[in-house]
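Enquirer: Shown below is the structure under consideration.
Since every read-out is calculated from the coordinates, none of them should be taken as a lab result. Predicted model, so just to flag it, every value in this text is computed and none were measured. Cβ: placed from backbone, ideal geometry, glycine included. Neighbour counts: every protein chain shown.
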Amino acid sequence: MAAPPSVDAYLAGLPDDRRAGVEELRRTIRAAAPQATEAIAYEMPAFRLDGRFLVSYAAFKNHYSLFPASAAVVDALGDEIRPYVAGKATIRFAAGKPIPSGLVTKVVQVRLAESAKRTGAEGE
């Protein structure tokens, strides 16, 4: 299967029942990181900040995944995020349940802070 050429193409290829959750993730991430740009990374929608990976997300049969690729997220959000952690860099939200938008916003905020630290360190 070829990678979708755009986020809109990815969304268009989803069944209706999967699209709503992914669109909620997209809106929430965009609101939390309005300066980030959308892209396709690893065949799924992603956001980049200054050309660097911020987060990606995708729909699967029984869940939605958010990939922050960061242990800092788990460290910062602790018990609030742990029920959703599924692997080293994956956060899963069950299909058929509301996406916890407030938690997604916090994940993005942690990633933004992490990115700012990295960028600041490189400029020294």
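Enquirer: What does the extension gain come out to for ASP16 and ARG92, with contour length at 0.36 nm per residue minus their alpha carbon separation? Please report the intermediate quantities before stating the final value.
Expert: Working: separation 76, 0.36 × 76 = 27.36 nm, distance 1.93 nm.
Roughly 25.4 nm would be gained on extension.
Enquirer: Would you mind checking which residues have amide H under 5 Å from GLU43's amide H? H placed 1.01 Å from N; only 5 or more apart, or other chain.
Expert: Residues meeting the criterion, in which the H sits 1.01 Å from N, do not exist here.
Enquirer: Check cross-link reach from LYS97 to the lysines: straight Cα distance under 26 Å, and skip same-chain residues fewer than eight apart.
Expert: LYS61, LYS88, LYS106
Enquirer: Also: Over region 72-113, what is the relative contact order in whole percent, taking alpha-carbon pairs under 8 Å and six or more residues apart? Walk me through the intermediate numbers first.
Expert: Details: 20 pairs, mean separation 19.9, N = 42.
Computed value for region 72-113: 47 percent relative contact order.
Enquirer: Relative contact order of region 7-122: what whole-number percent is it, with Cα pairs under 8 angstrom and at least 6 residues apart? Don't skip to the end; give the middle numbers.
Expert: On the way: 157 pairs, mean separation 29.1, N = 116.
Averaging sequence separation for qualifying contacts and normalising by length gives 25 percent for region 7-122.
Enquirer: Right, another one. Which ordering of THR28, THR90 is given by a fewest-first count of other beta-carbon atoms within 10 Å?
Expert: On the way: THR28 21, THR90 15.
Fewest-to-most Cβ neighbours within 10 Å comes out as THR90, THR28.
Enquirer: So what's the back-of-envelope 222 nm ellipticity for the chain, counting only DSSP H runs of four-plus at -39500 (n - 2.57) apiece and dividing by all residues, rounded to 500?
Expert: Values: 4 runs with 56 residues, N = 124.
Dividing the helical sum by the residues of the chain leaves -14500 deg cm²/dmol.
Enquirer: How many percent of the alpha carbon pairs in the chain exceed a separation of 27 Å?
Expert: Numbers: 1048 of 7626 pairs.
Considering the chain, 14 percent of its Cα-Cα pairs are separated by more than 27 Å.
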